[in-house]
Amino acid sequence: LNEDTYWLSNFRGATAAGLQVGVYFFSQAITPEEAVEEAEFLLDMIDGWELDLPIVYDWEFAGGPRTDGMDYDAITACALAFCETVEAAGYPVMVSFNPYMAYYQIDLEALEKYGFWLAMWSEEMTFPYKVDMWQHTDRGSVAGIETDVDLDIYFIYE
């Protein structure tokens, strides 16, 4: 478990600028127990902080041999364990994924009570499921930032 050394200054800067804030957690859990440990680690970090947006769980195959062999059921079990822990602490939670992961690596039906954040870089939304947030590009630009940034749309459903 590694804490982003910039998270607190980014959090404070964003709130000072009047932006709504949430928390994003990149997971490498390979068991539900590890996912709970990750959630508790995160909850300890943000203890006492108010969030405007959900805590987002993002599990990806990026850990090399550590995550090799993870299957549909195991990845879903980790996501559920993380989400249930965060929800029990009183925070809204969202699961991030791309279309390939949604179709082949995670059970969206098992996670449907949580929000969904889709990373699908395209000009048109063609994903057949309801999502709460859509990351539509990784090549956006924002004044004051010299590199490309991800751009997202957050849907508010009444």
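The values are calculated or read from the model by the stated rules, or taken from the named source; none is laboratory data. Owing to the predicted nature of the structure, the values given are computational and were not obtained by experimental measurement. In this analysis, Cβ positions are derived from the backbone assuming ideal geometry, glycine residues included, and neighbour counts consider all displayed protein chains. These area figures cover heavy atoms from the full protein model, side chains too; ligands, DNA and RNA do not enter into them. Shrake-Rupley method; radii C 1.70, N 1.55, O 1.52, S 1.80 Å.
Pairs only if they're at least six apart or on different chains, beta carbon under 9 angstrom, first in the range 1-20 and touching a residue at least 24 places away in the same chain (Cβ under 8 Å) and under 15 Å from D52 (Cβ atoms), second open to solvent by less than 100 Å² (accessible area, probe 1.4 Å) and in a helix (DSSP H, G or I); list them, first residue then second. What qualifies is Q20/A14. Look at (1) of a type in the set (A, V, I, L, M, F, W, C); (2) at pLDDT below 95; (3) crowded, with 17+ Cβ neighbours inside 10 Å and you find that L111 fails only one, number (2).
Within the group T137, T126, which residue is open to solvent by 10 Å² or more (accessible area, probe 1.4 Å), modelled with pLDDT under 95, more than 23 Å from T15 (Cα to Cα) and not aromatic (F, W, Y)? Spell out how you get there, then give the answer.
Numbers: T137 fails: modelled with pLDDT under 95.
Checking each option against the conditions leaves just T126.
Of the residues E38, E60, E33, the single one that is under 16 Å from the mean Cα position of the chain (by Cα) and open to solvent by 30 Å² or more (accessible area, probe 1.4 Å) is E60. Residues that are in contact (Cβ under 8 Å) with a residue 24 or more places away in the chain, over 13 Å from the mean Cα position of the chain (by Cα), more than 25 Å from G69 (Cβ to Cβ) and not in a loop (DSSP other than H, G, I, E, B) within the range 82-120 comprise just one, E87.
Could you tell me whether R12 is closer than 25 Å to I145 by Cα, of a type outside the set (A, V, I, L, M, F, W, C) and open to solvent by 30 Å² or more (accessible area, probe 1.4 Å)? When the stated conditions are applied, R12 passes them. Checked against (1) more than 30 Å from V142 (Cα to Cα); (2) surrounded by 14 or more Cβ atoms within 10 Å (Cβ to Cβ), F26 passes all but a single condition, namely (1). Consider T76 carefully, then state whether it is part of a helix (DSSP H, G or I), open to solvent by less than 80 Å² (accessible area, probe 1.4 Å), of a type in the set (V, I, T) and closer than 30 Å to A16 by Cα. Against the criterion (part of a helix (DSSP H, G or I), open to solvent by less than 80 Å² (accessible area, probe 1.4 Å), of a type in the set (V, I, T) and closer than 30 Å to A16 by Cα), T76 does not qualify. Applying the condition of being outside any helix (DSSP H, G or I) and among the acidic types (D, E) to the range 41-54 and asking which residue is least open to solvent (accessible area, probe 1.4 Å) yields D52. The criterion of being over 22 Å from K130 (Cα atoms) and open to solvent by less than 80 Å² (accessible area, probe 1.4 Å) does not hold for A102.
Going through the range 46-83 one residue at a time, which ones are of a type in the set (F, W, Y) and closer than 22 Å to W134 by Cβ? Answer for the range 46-83, where residues must be of a type in the set (F, W, Y) and closer than 22 Å to W134 by Cβ: Y57, W59, F61, F82.
Test V142 against the stated conditions and say whether it is closer than 26 Å to N10 by Cβ, in contact with a strand residue (DSSP E or B) (Cβ under 6 Å, 6 or more places away or on another chain), outside any loop (DSSP other than H, G, I, E, B) and of a type in the set (V, I, T). For V142, the condition - closer than 26 Å to N10 by Cβ, in contact with a strand residue (DSSP E or B) (Cβ under 6 Å, 6 or more places away or on another chain), outside any loop (DSSP other than H, G, I, E, B) and of a type in the set (V, I, T) - is not met. Against the definition (at pLDDT 90 or above, closer than 17 Å to A88 by Cβ and out of contact with any helix residue (DSSP H, G or I) (no Cβ under 9 Å at 6 or more places or on another chain)), how does F26 come out, yes or no? For F26, the condition - at pLDDT 90 or above, closer than 17 Å to A88 by Cβ and out of contact with any helix residue (DSSP H, G or I) (no Cβ under 9 Å at 6 or more places or on another chain) - is not met.
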